[in-house]
Amino acid sequence: MLAFIFGFIKKHIAWLLVLIGSVGLVWGLSNDAHTYSKHAISFGQAIVAGGVGAVLLNTWQYLGLFKTELEKIIYSDEFMSTKNDLPSILGKVTKAICTKNFPKLSDSLHDTIVNKYIPIDKNFHYEDYHYSASVDWAVPEKFIISSTEQTKVKIIPISPDVTVSQNYSQRLEKTENEDRVKTKLLKLTVNGKNITDDLDSFLKRDEVEIEGITYIRFSYELKLTGEDSYDIERVFDKEFFIIEEPVSKYTITTLLLGSKVNVSIIPDDLRIKFMSIGTTVDFKNDGMDPKFLPDKNKIITKAFDGIMFPSQGFLLHYAYNPVAVADEA
């Protein structure tokens, strides 16, 4: 019984103090002629003030605890996954972060981050991209090179139930030498299985005009569904005129984790320069630094371990270099 009484007093001490203090105030004010009335009023005021302070303190502590627990809930992964307005929330957070240092750029930064670097319209991402190529002259006197390219990449859908559209597209500017542009699909597999026996028909060739320039486009589209991941492997045999098309650009349309590039350059009078496109840091040399290799000008080995965003990637710049042959003569 005593434990119950002490527990009750401890739990409600703040309100009991207010009550006792109020009684003292009322008695003191009602009996102002009494010897102890002034003492009762002072006592009542002190007790009431202490009780009100305790009530407020307990309330603030409760509100602080409630706020902490509420934040744990609303910032949890489970709660966030149910929100449909995350881009809007991200926009407000981005603007709040950037307003102090970049007040004039905060709105544009939000648009770029949400619409460009976080491709929420995609239902998959890439992992373990590996590009390898062997480059040689096809018709050296006409500056036409031949490149056999192998690409391996893993596609990770957000769910096995979604249909992933995996598109490939290569564009070359149309010129008088378009007959020298050749792209042949030699192999295309998904999880080790051939997509089709008729690769020539599967790879489409058409013309497309972009900003007043006509391009020859080679493309195909895959529809993938029912798997947790898809290992894509494709092999192309390409020929093109490096005087008119000295650059090959390789970029992505969604997020990519992990990339490797290996290029073997067979002829001594052909140089290929590798450059990163838009990445937060440059590709690094993969394995031994090429400058320590005997044929340092004939091999490219690069790797990117982080995440690449849409429109990022790399390019290869081709150039005829007769000086190398002259130096060896």
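The values are calculated or read from the model by the stated rules, or taken from the named source; none is laboratory data. Please read these numbers as outputs of a predicted model, since none were measured by experiment. Quick reminder, even Gly has a Cβ in these numbers, built from the backbone with ideal geometry, and neighbours come from all protein chains shown.
Restricting the search to segment 206-220, which residues are on the phi < 0 side of the Ramachandran plot and not aliphatic (A, V, I, L, M)?
Going through segment 206-220, the residues on the phi < 0 side of the Ramachandran plot turn out to be 206-210, 213-220.
Selection gives D206, E207, E209, T214, Y215, R217, F218, S219, Y220.
Checking the structure you have, find out if any residue of segment 289-296 is within 20 Å of I144 (Cα to Cα), out of contact with any Cys (no Cβ under 7 Å at 6 or more places or on another chain) and either at pLDDT below 75 or surrounded by 15 or more Cβ atoms within 10 Å (Cβ to Cβ) (or both). So that I can check it myself, show each step before the final result.
In the first step, residues of segment 289-296 are kept if they are within 20 Å of I144 (Cα to Cα); the result is none.
No - not one qualifying residue is present in segment 289-296.
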Hits in segment 206-229 - residues which are more than 11 Å from E173 (Cβ to Cβ), touching a residue at least 40 places away in the same chain (Cβ under 8 Å) and outside any loop (DSSP other than H, G, I, E, B)
F218, S219, Y220, E221, L222, K223, L224
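Report whether or not K104 is at pLDDT 80 or above and in a loop (DSSP other than H, G, I, E, B).
Numbers: at pLDDT 80 or above: no; in a loop (DSSP other than H, G, I, E, B): yes.
When the stated conditions are applied, K104 does not pass them.
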Scan the strands (runs of 3 or more DSSP E) fully inside segment 118-176 and keep the ones with 1 or more residues being loosely packed, with under 15 Cβ neighbours inside 10 Å, at pLDDT below 95 and among the hydrophobic types (A, V, I, L, M, F, W, C).
124-139
Taking segment 89-101 and keeping only residues that are surrounded by 12 or more Cβ atoms within 10 Å (Cβ to Cβ) and in a loop (DSSP other than H, G, I, E, B), one is left with none
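Given the condition of a type in the set (F, W, Y) and in contact with a strand residue (DSSP E or B) (Cβ under 6 Å, 6 or more places away or on another chain), answer yes or no: does some residue in segment 110-118 qualify?
Within segment 110-118, the first condition is being of a type in the set (F, W, Y), and the residues that meet it are 117.
Those left that are additionally in contact with a strand residue (DSSP E or B) (Cβ under 6 Å, 6 or more places away or on another chain): none.
Checked segment 110-118: no residue is of a type in the set (F, W, Y) and in contact with a strand residue (DSSP E or B) (Cβ under 6 Å, 6 or more places away or on another chain).
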When you go through T163, T189, T151, T183 one by one, which is the residue that is more than 26 Å from L257 (Cβ to Cβ) and hydroxyl-bearing (S, T, Y)?
T183
